[in-house]
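Q: To start, I am sharing the structure in question, which I have written as structure tokens.
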Ligand SMILES: Cc1cc2nc3c(=O)[nH]c(=O)nc-3n(C[C@H](O)[C@H](O)[C@H](O)COP(=O)(O)O)c2cc1C
């Protein structure tokens with residue numbers, strides 16, 4: 001497999017729902033939902049790309065960091081590097097069946113495993129969407145992180161049980177999906193969560209609980225106070241609210257509020273190993289990768305997902321050498337200009 005063929009296959013398969021652009025930046029697909037674009041004007045997606053592009057790396061080569069160690073321990077599980085597959089679901093609906101939910105779930109779960117990391121799985125307007133991820137994890141005997149929509153608490157607790165039965169490593173709630181109207185239209189209402197509701201969810205399980213979609217430091221602080229294991233600084237790939245800032249813009253203030261009290265993960269617009277390095281330098285403990293893995297799965301199934309993840313890890317290693325970081329602990333905002 002090579003990147004040219006993988007991308008050509010993906011372009012063929014996903015047309016017209018994703019053009020597999022040279023740079024996956026949300027411009028041509030702005031507002032395309034269903035599809036893989038950002039909501040409305042598309043600026044939330046584009047702001048993710050722009051916020052990362054604003055940071056520059058200091059090139060340093062007079063040192064002895066020639067074989068950087070990228071191994072990362074996520075909840076006592078060691079993975080190849082601090083990157084995991086972002087939860088993505090209802091891909092069948094978004095691509096009009098060009099990539100089915102089952103094919104996607106199998107590809108991302110197995111491809112992540114092949115690359116030495118973990119897949120997060122998602123939840124959508126039809127209960128089969130959540131189940132597709134759970135089935136893929138169970139069938140392949142792989143531990144993952146199922147992320148549940150901010151449904152009524154009663155349903156969340158029931159979904160957590162299913163994640164527990166599937167041997168999940170942790171669970172998440174994508175709290176930023178609180179306003180998704182097509183969930184309500186399908187009889188699966190979602191809503192914002194208050195402190196008491198969050199505590200009920202977190203106390204209902206022995207699994208670590210992540211809140212995904214935190215974009216302000218006050219809400220990160222609340223997540224830590226209610227006992228979340230971590231947060232994902234995310235605007236859902238720009239798909240839930242128009243005109244949000246890029247995640248790399250808000251990450252430093254959020255990390256300075258809660259780092260050390262809980263894990264801080266981030267996603268949105270990460271397209272290269274250098275982008276991963278920037279997110280870590282801005283305060284993330286680890287990152288999640290979204291759309292590039294959809295392209296990997298569409299272009300080459302599980303192998304395609306593994307190919308993209310391996311490519312990101314190799315790029316990250318090269319970027320660590322060229323910024324003088326021999327270990328993850330050595331990555332700080334000093335590598336940023
Ligand atoms: C088609 C699509 C479906 C998604 N489904 C979910 C989901 O079910 N749950 C969730 O938490 N996030 C979902 N996301 C958001 C991703 O988890 C992630 O936050 C985002 O894709 C990261 O940005 P990137 O695609 O630019 O890397 C989805 C994103 C896309 C593009």
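Q: Where the second residue is more than 12 Å from the ligand (Cβ to nearest atom) and outside any loop (DSSP other than H, G, I, E, B) and the first is under 22 Å from residue 29 (Cβ atoms) and lies in segment 46-60, which pairs have Cβ atoms under 7 Å and are six or more apart or on separate chains?
A: These pairs meet every condition: 51/249; 52/278.
Q: Continuing with the same structure: Output the number of residues of segment 93-108 satisfying the condition of being touching a residue at least 12 places away in the same chain (Cβ under 8 Å), more than 10 Å from the ligand (Cβ to nearest atom) and surrounded by fewer than 20 Cβ atoms within 10 Å (Cβ to Cβ).
A: Residues that pass the stated criteria total 4.
Q: Could you please find all residues in segment 140-157 being out of contact with any helix residue (DSSP H, G or I) (no Cβ under 8 Å at 6 or more places or on another chain) and in a helix (DSSP H, G or I)?
A: Correct list: 154, 155.
Q: Test residue 294 against the criterion of being closer than 22 Å to residue 311 by Cβ and buried (at least 21 other Cβ atoms within 10 Å of the Cβ), and give yes or no.
A: yes
Q: Pull up segment 23-45, narrow it to residues that are under 16 Å from the mean Cα position of the chain (by Cα) and under 12 Å from residue 243 (Cα atoms), then point me to the one that is nearest to the ligand (Cβ to nearest atom).
A: Applying the filter and picking the extreme gives 45.
Q: Here is a further query. Of the residues 160, 173, which is more than 12 Å from the ligand (Cβ to nearest atom), in contact with a strand residue (DSSP E or B) (Cβ under 9 Å, 6 or more places away or on another chain), under 25 Å from residue 195 (Cα atoms) and not in a loop (DSSP other than H, G, I, E, B)?
A: Answer to the selection: 160.
Q: With respect to the numbered conditions (1) closer than 19 Å to residue 294 by Cα; (2) touching a helix residue (DSSP H, G or I) at 6+ places or on another chain (Cβ under 6 Å); (3) buried (at least 20 other Cβ atoms within 10 Å of the Cβ), which one is the sole condition not fulfilled by residue 51?
A: So residue 51 meets the others, but not (1).
Q: Tell me whether segment 109-116 contains one or more residues that are within 12 Å of the ligand (Cβ to nearest atom) and within 17 Å of residue 146 (Cβ to Cβ).
A: If we filter segment 109-116 for residues that are within 12 Å of the ligand (Cβ to nearest atom), which is where we start, we get none.
Within segment 109-116, not a single residue is within 12 Å of the ligand (Cβ to nearest atom) and within 17 Å of residue 146 (Cβ to Cβ).
Q: For residue 26, state whether it is modelled with pLDDT of 95 or more and either touching a helix residue (DSSP H, G or I) at 6+ places or on another chain (Cβ under 8 Å) or loosely packed, with under 12 Cβ neighbours inside 10 Å (or both).
A: Details: modelled with pLDDT of 95 or more: yes; either touching a helix residue (DSSP H, G or I) at 6+ places or on another chain (Cβ under 8 Å) or loosely packed, with under 12 Cβ neighbours inside 10 Å (or both): yes.
Answer is yes for this residue.
Q: For segment 180-282, list the helices (runs of 4 or more DSSP H) that sit wholly inside it and hold at least 1 residues that are on the phi < 0 side of the Ramachandran plot and at pLDDT 95 or above; which are they?
A: 195-203, 217-225, 247-258, 273-281
Q: Also, quick follow-up: Right, residue 334: more than 30 Å from residue 202 (Cβ to Cβ), touching a residue at least 40 places away in the same chain (Cβ under 8 Å) and surrounded by fewer than 21 Cβ atoms within 10 Å (Cβ to Cβ) or not? So that I can check it myself, show each step before the final result.
A: Details: more than 30 Å from residue 202 (Cβ to Cβ): yes; touching a residue at least 40 places away in the same chain (Cβ under 8 Å): yes; surrounded by fewer than 21 Cβ atoms within 10 Å (Cβ to Cβ): yes.
Answer is yes for this residue.
The values are calculated or read from the model by the stated rules, or taken from the named source; none is laboratory data. Not measured: the values here are computed from a predicted model. Note that each Cβ is placed from the backbone with ideal geometry, even for glycine, and that neighbours are counted across all protein chains shown.
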